[in-house]
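The values are calculated or read from the model by the stated rules, or taken from the named source; none is laboratory data. On a predicted model such as this, the values are computed, not experimentally measured, just so you know. So basically every Cβ, Gly included, is an ideal-geometry build from the backbone, and we count neighbours across all protein chains shown.
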């Protein structure tokens, strides 16, 4: 059995496999290093069992996804999300001395948050559907990027200082993202 996949070139350093909510398989490859198709095929084949298992899991999980909101419900929820998320970011920024330049809500399909080089923080408004401790993890994660603009060991040490069980929070988010998007 061959696995169908789409290659996406990014600024990463190694190959990675991403299973999308709809079951599509994406292989992320570094755009600065050339990987020929045979190397990518070989990489995908070594992960075949994991891919098949997770594609099935995603297809099953999509059935459990939260119901779609109407446009009006979505606008009321966005306002609620803005108030809650902004309050929590302000709280943690003040409590731990983080400095950011601007804050905005996002509707990104693939990210829960981001922090620009100018320390503009964007948080996905759909986090309103996650448990509050998951929202707090994403907020702390992005605030930590104002001090470390990468995912280095120093960055993860910073996150762990405020969220000691951040690995469990990340895992929960990965396993349940289909329910809150």
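General remarks:
- Qualifying residue in segment 40-47 (condition: under 25 Å from residue 130 (Cα atoms), in contact with a strand residue (DSSP E or B) (Cβ under 7 Å, 6 or more places away or on another chain), in contact (Cβ under 8 Å) with a residue 40 or more places away in the chain and not assigned by TED's automatic domain parsing to the domain that holds residue 135): no
- 2 or more residues surrounded by fewer than 17 Cβ atoms within 10 Å (Cβ to Cβ): qualifying strands (runs of 3 or more DSSP E) within segment 84-150: 102-106
Quick grid of which residues meet (1) modelled with pLDDT of 95 or more; (2) assigned by TED's automatic domain parsing to the domain that holds residue 157; (3) under 20 Å from residue 169 (Cα atoms):
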position	(1), (2), (3)
85	no, yes, yes
88	no, yes, yes
96	yes, yes, yes
105	no, yes, no
111	no, yes, yes
115	yes, yes, yes
128	no, yes, yes
136	yes, yes, yes
140	yes, yes, yes
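- Residue that is farthest from residue 173 (Cα to Cα), among those in segment 19-40 that are modelled with pLDDT of 85 or more and surrounded by 13 or more Cβ atoms within 10 Å (Cβ to Cβ): 40
- Options 171, 161: the member that is out of contact with any strand residue (DSSP E or B) (no Cβ under 7 Å at 6 or more places or on another chain), at pLDDT 95 or above, not in a strand (DSSP E or B) and not assigned by TED's automatic domain parsing to the domain that holds residue 22: 161
- The one condition in (1) in contact with a strand residue (DSSP E or B) (Cβ under 7 Å, 6 or more places away or on another chain); (2) surrounded by fewer than 14 Cβ atoms within 10 Å (Cβ to Cβ); (3) assigned to a helix (DSSP H, G or I) that residue 76 fails to fulfil: (1)
- Subset of segment 104-123 (residues that are without any contact (Cβ under 8 Å) to a residue 24 or more places away in the chain and closer than 21 Å to residue 180 by Cα): 104, 106, 107, 108, 110, 111, 122
- Count of segment 1-38 residues which are closer than 17 Å to residue 109 by Cα, part of a loop (DSSP other than H, G, I, E, B) and touching a helix residue (DSSP H, G or I) at 6+ places or on another chain (Cβ under 6 Å): 2
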